[in-house]
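Data block below; observations after.
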Amino acid sequence: MEISRKVQINYQTLISNHKSLISNHSNMTPVFINFNGEIVPADAKLLTLKNRAFRYGDGLFESMRMMKGQLKFADQHADRLQRGMKALKIDGYSQMDAWFLKEKAEVLARRNKAKHGRLRLTVFRDADGLYAPSQNKMGWALELQPIDEPRYFLNSKGLIMDMFTDLPKATNYLSNIKTCNSLIYVMAGLYKNQNKLDDVFLLNQNGFLCEASSSNIFIWYQNHLYTPALSEGCVEGVMRQVIINLARQNNIPMTEAQISPDILYEADEVFLTNAGRGIQSVMGFGVRRYFNEVSKVLIDELNKL
């Protein structure tokens, strides 16, 4: 009983220390996370070496955005997450609906005294076993990175990009899911840093355009907007679908297609999309330079939603 009491006192002290930190933090550092439904300090030691997300990348995640205290596009995130969990045969996917995502995100934001921020929800298979798991029980963790941005902003300086060809991305039913197995993006990130680039284009196993290192790709070519189809192996981005819908609602010709990388040498505009940043315009690929007129129109429409 004495040991239990000491542990409880120490935990309460830790919480108290973090509460004092939260009143003073001005560098927007998150102080609390939600781990399996419990609000805990962000630096709490929670995972063991047996965690399957750590050992095998056995899980998936959602990158989301909060503005003015509300989760953006909760229905779309919940739909994608549930379909991904079902594909990976992780139990409990019906629990991860839009109400659950909004409620957990808003509670965590209030606890961190943040109105705007980027969130990551990681869902993993909470089980023993080697490659074959002992069960398919769900575990999850929700993180928040506060940022002082109440809307989406188009980048003032366009991105400089190149092609990452060392690891073509496979096209299969896992390709569209944001799984925790992300080595291809890690290697693409290393290539980006080594070559002092802002981002890189990834190709699929057939040599066609797939995506960027953490975003989907849109290309404006001959007065028509194109993006790689899901059959090309890209992640099924929530913002990707939002932008497709916005383009069609604003009478911008829009096609999901199989796209040769050669189009990048002739395109008039290229931009990237993800849930965290919205739209990011690309300025250059090799010697080619691009405009950003369509991306300006679409980000204005995006901020109206």
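The values are calculated or read from the model by the stated rules, or taken from the named source; none is laboratory data. Here the structure is a predicted model, which is why all the values come from computation and not from measurement. With ideal geometry, Cβ positions are generated from the backbone for all residues, glycine too; neighbour counts draw on all protein chains shown. Each accessible area value is taken on the protein alone, full model and side chains, heavy atoms only, with ligands, DNA and RNA left out. Shrake-Rupley method; radii C 1.70, N 1.55, O 1.52, S 1.80 Å.
Cross-link partners of K296 among lysines, defined as those whose alpha carbon lies under 17 angstrom from its own and excluding same-chain residues fewer than eight positions apart: K157, K304.
Each Lys and Arg adds +1 at its Cβ and each Asp and Glu adds -1 at its Cβ; summed about the Cα centre, the chain shows a dipole of about 1060 debye. Once C-alpha pairs closer than 8 Å and six or more residues apart are averaged by separation and normalised to the residue number of the chain, the relative contact order reads 16 percent.
Taking the DSSP beta bridges with both ends in segment 76-221, the antiparallel portion is around 70 percent. Under 16 Å of direct C-alpha separation, and excluding same-chain neighbours fewer than eight residues apart, K137 reaches these aspartates and glutamates: D58, D91, D126, D128. Distance between the C-alpha centres of segment 38-67 and segment 154-174: 25 Å, rounded to the whole angstrom. A helix-only calculation puts the chain at -9500 deg cm²/dmol for mean residue ellipticity at 222 nm, using -39500 (n - 2.57) for each DSSP H run of at least four residues, averaged over all residues.
Using a Gaussian network model of the chain whose springs link C-alpha atoms within less than 10 Å, name the residue from L272, L154, L81 with the highest mean-square fluctuation. Looking only at L272, L154, L81, the biggest GNM fluctuation is shown by L154. With all protein chains kept in place, the per residue accessible area of segment 131-280 amounts to 46 square angstrom at a probe of 1.4 angstrom. Which of these, G69, G278, G92, has the largest mean-square fluctuation under a Gaussian network model of the chain (Cα springs below 10 Å)? Result for the chain, Cα springs under 10 Å: G92 fluctuates most.
Counted by Cβ distance under 13 Å from L108, the other residues give a net charge of +4, where Lys and Arg count +1 and Asp and Glu count -1. Each Lys and Arg Cβ is given +1 and each Asp and Glu Cβ -1; about its Cα centre, segment 155-299 then shows a dipole of about 360 debye. The share of accessible area on the chain that comes from carbon and sulfur is 51 percent, using a 1.4 angstrom probe. Beta-bridge orientation, the chain: approximately 75 percent antiparallel, per DSSP, counting only bridges with both partners inside.
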